[in-house]
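First comes the structure, then the notes that go with it.
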Amino acid sequence: MYLIVLSLILLTAAYIGYEDYKYRAVSWVLFPILGVLGISSSIMLSNSYTTALLNFSVNLTFLTIQLAVLFLYLNYKKKSNRALTKKIGAGDIFFLLMSAFFFSPLNFLFYLISSLVFALIVHLLFLKGKLYPQNLTTIPLAGLQAVFLILCLLTSKTALQINITDDSWILYKLLIVWKIPTFLKLILMPCRPF
C-alpha cells in the first residue's frame with residue numbers, strides 16, 4: 001500500500017515541479033492532494049496517528065514562527081504590508097505547509113534548509129545556462145522543493161534506509177557519533193539508556 005501512496009506522491013510532486021518551472025504557478029488542487037498523500041505516508045511510516053499529528057503540529061508551529069518573523073522583518077525593512085507577498089508566492093507557502101506532513105521535526109528542519117540550498121544552486125545554474133522558459137528569472141521555489149522532496153523520499157527508502165518520520169537517527173548521530181557531552185544526552189534523550 002505504501003508503494004502506491006509513494007508513487008502518487010512522486011507523480012504529484014513531479015507535476016508541481018513541472019508547472020512551477022513552466023508557468024511559475026501551480027494548480028491549487030495539487031496542494032490538498034499532496035497534503036492527503038503526506039498524511040497517509042506519515043501515518044504508514046510512523047504506524048501512529050498521534051505521531052503523525054504531533055510531527056505536523058511541531059512543523060506547522062515552526063513554519064508559522066518563521067513566516068511571522070519573515071513578515072515582520074520585510075514589513076520593517078520595506079515599509080510595506082505587502083512585502084512578503086512580493087517576495088514569496090502563495091504556492092511556495094502552501095507547498096511548505098504540505099511538506100510539513102511528511103517529516104518529523106528534525107528531518108523537516110533538515111529538509112527545509114537543504115531544499116532551499118538546492119533551489120538556490122539549481123536556480124543559479126539555470127540562470128547561467130539560460131534554461132528558464134520565456135526569460136523568466138524568478139525562482140520556482142515550490143517546484144524545486146517538490147523535486148527535492150522526490151529526491152528525499154527516494155533516497156530515504158533506498159540508499160539511506162531511514163524513516164523520515166522518526167528523529168532517532170539524527171539524535172543518534174548527534175549524541176553518539178559527534179560525541180555530545182553526557183549532560184546534553186540526558187536532556188535530549190532521557191528515555192534511552194546510554
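The values are calculated or read from the model by the stated rules, or taken from the named source; none is laboratory data. Being a predicted model, the structure only gives us computed values, none of them experimental. Cβ sites come from the backbone with ideal geometry, for glycine too, and all protein chains shown count toward neighbours. Accessible surface areas use protein heavy atoms only, side chains included; no ligands, DNA or RNA. Shrake-Rupley method; radii C 1.70, N 1.55, O 1.52, S 1.80 Å.
Quick notes on this one:
- The chain - percent of accessible surface contributed by carbon and sulfur, probe 1.4 Å: 72
- Each stretch of four or more DSSP H residues adds -39500 (n - 2.57); spread over every residue of the chain, this sum gives -23500 deg cm²/dmol at 222 nm.
- For region 26-143, with +1 on Lys and Arg beta carbons and -1 on Asp and Glu, the positive-most of Tyr76, Ala119, Phe103 along the dipole: Tyr76
- Dipole of the chain, positive end: most advanced residue of Ile65, Leu136, Ala13 [Cβ charges, Cα centre]: Leu136
- Structural descriptor for region 69-156: relative contact order 28 percent, calculated from alpha carbon pairs under 8 angstrom and at least 6 residues apart.
- For region 1-57, applying the loop criterion from DSSP together with a ceiling of 11 other beta carbons within 10 Å to the chymotrypsin sites (Phe, Trp or Tyr not before Pro) yields Trp28.
- Net dipole in debye of the chain [+1 Lys, Arg Cβ; -1 Asp, Glu Cβ; about Cα centre; nearest 20]: 720
- Placed amide H near Thr165: partners under 5 Å, 5+ positions off or other chain: Ser104
- Helix runs (DSSP H) in the chain reaching 30 Å along axis by Cα, Kyte-Doolittle at least -0.5: 2-23, 49-78, 105-129
- Contact order for the chain, expressed relative to its length and based on alpha carbon pairs under 8 Å spaced 6+ residues apart, stands at 29 percent.
- Sparse packing (at most 12 other Cβ atoms within 10 Å of the Cβ) combined with a DSSP loop state is found for the following trypsin sites (Lys or Arg not before Pro) in region 121-158: Lys130.
- For Leu125 and Leu154, the difference between the fully extended length at 0.36 nm per residue and the C-alpha to C-alpha distance is 8.1 nm.
- Relative contact order, percent, region 1-61 [alpha-carbon distance under 8 Å, six or more residues apart]: 32
- A Förster radius of 30 Å, combined with the Cβ-Cβ distance separating Ser80 from Thr137, puts the computed FRET efficiency at roughly 0.90.
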